[in-house]
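The structure's right below; bear with me while I get my questions together.
The values are calculated or read from the model by the stated rules, or taken from the named source; none is laboratory data. Just so you know, these numbers come straight off a predicted model, no measurement behind them. Positions of Cβ are generated from backbone atoms using ideal geometry, with glycine treated the same way; all protein chains shown enter the neighbour counts.
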Amino acid sequence: MNKFFSRRNFILIPFVSFFKILFNTQKVYAASKDSLNDWSFSKDEWRERLSPETFYILREEGTERPFTSSLNDEKREGEFKCAGCNQALFLSKHKYDSGTGWPSFWDHITNAIDTKIDFKLIVPRTEYHCSQCGGHQGHVFNDGPNPTGKRYCNNGLALIFVPD
Ligand SMILES: [Zn+2]
């Protein structure tokens, strides 16, 4: 108890309370940002937020033509973020040249993407999307390099590159 009532703690306590209030306020803000409702816009709301090309890919599971994305040649250090909600999905260290004409990655940032099976080409494929806003990013295949053996074949329009 003596320790608790030391002069140092008397000075610190108001500071701790202050930061507690600050932290709690931010927590409420962050939680409301992350809640499902905040990213569950209607199709029309998404259409207003995105360019027609990006809307087609992110919200209608479209695929851009190969060799059209400037991100194919992006080799700088940095992060690849979702064009719908800005969540970081891939790091530059995950990127490799697959020769397919789409930006390709052998891994992603933990918990940044979710997958589902789609049957658009009759043969089942594993679709993946941003875990925060649900925006479609691309398909994942099992012909990637080590250590994962995965190829995350991504639409360049669905990503925004932010250099370090
Ligand atoms: Zn997103």
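Does residue 63 satisfy the condition of being surrounded by fewer than 18 Cβ atoms within 10 Å (Cβ to Cβ), without any contact (Cβ under 8 Å) to a residue 60 or more places away in the chain and either outside the structural domain of residue 138 (by TED's automatic domain parsing) or at negative phi (or both)?
No: the conditions fail for residue 63.
Please go through the range 72-90 and pick out each residue that is surrounded by 15 or more Cβ atoms within 10 Å (Cβ to Cβ) and more than 16 Å from the ligand (Cβ to nearest atom).
First, the residues of the range 72-90 that are surrounded by 15 or more Cβ atoms within 10 Å (Cβ to Cβ): 72, 74, 78-85, 87-90.
Matches in the range 72-90: 72, 74, 78.
Within the range 98-115, can one find any residue that is of a type in the set (Gly, Ala, Ser) and within 16 Å of the ligand (Cβ to nearest atom)? I'd like the intermediate steps shown before the answer.
Initial filter on the range 98-115 (of a type in the set (Gly, Ala, Ser)): 98-99, 101, 104, 112.
Filter again for within 16 Å of the ligand (Cβ to nearest atom), leaving 112.
Yes.
Can you confirm whether residue 68 is over 18 Å from residue 127 (Cα atoms), assigned to a loop (DSSP other than H, G, I, E, B), in the same structural domain as residue 140 (by TED's automatic domain parsing) and of a type in the set (S, T, N, Q)? I'd like the intermediate steps shown before the answer.
Details: over 18 Å from residue 127 (Cα atoms): yes; assigned to a loop (DSSP other than H, G, I, E, B): yes; in the same structural domain as residue 140 (by TED's automatic domain parsing): yes; of a type in the set (S, T, N, Q): yes.
Answer is yes for this residue.
Then there's this: Given the criteria away from the ligand (no atom under 15 Å from the Cβ) and either within 26 Å of residue 41 (Cβ to Cβ) or of a type outside the set (Val, Ile, Thr) (or both), does residue 153 qualify?
Values: away from the ligand (no atom under 15 Å from the Cβ): yes; either within 26 Å of residue 41 (Cβ to Cβ) or of a type outside the set (Val, Ile, Thr) (or both): yes.
In short, yes.
Quick check on my filter: what residues within the range 112-145 are over 19 Å from the mean Cα position of the chain (by Cα) and touching a residue at least 24 places away in the same chain (Cβ under 8 Å)?
118, 120, 144, 145
Using the structure shown, decide if residue 147 is surrounded by fewer than 17 Cβ atoms within 10 Å (Cβ to Cβ), under 29 Å from residue 41 (Cα atoms) and not aliphatic (A, V, I, L, M). Show your work before the answer.
Numbers: surrounded by fewer than 17 Cβ atoms within 10 Å (Cβ to Cβ): yes; under 29 Å from residue 41 (Cα atoms): no; not aliphatic (A, V, I, L, M): yes.
Answer is no for this residue.
Hey, another quick one. How many of the residues making up the range 116-138 are within 16 Å of the ligand (Cβ to nearest atom) and among the charged types (D, E, K, R)? Before the answer, list the steps.
Narrowing the range 116-138 to residues within 16 Å of the ligand (Cβ to nearest atom): 116, 127-138.
Those left that are additionally among the charged types (D, E, K, R): 116, 127.
So the answer is 2.
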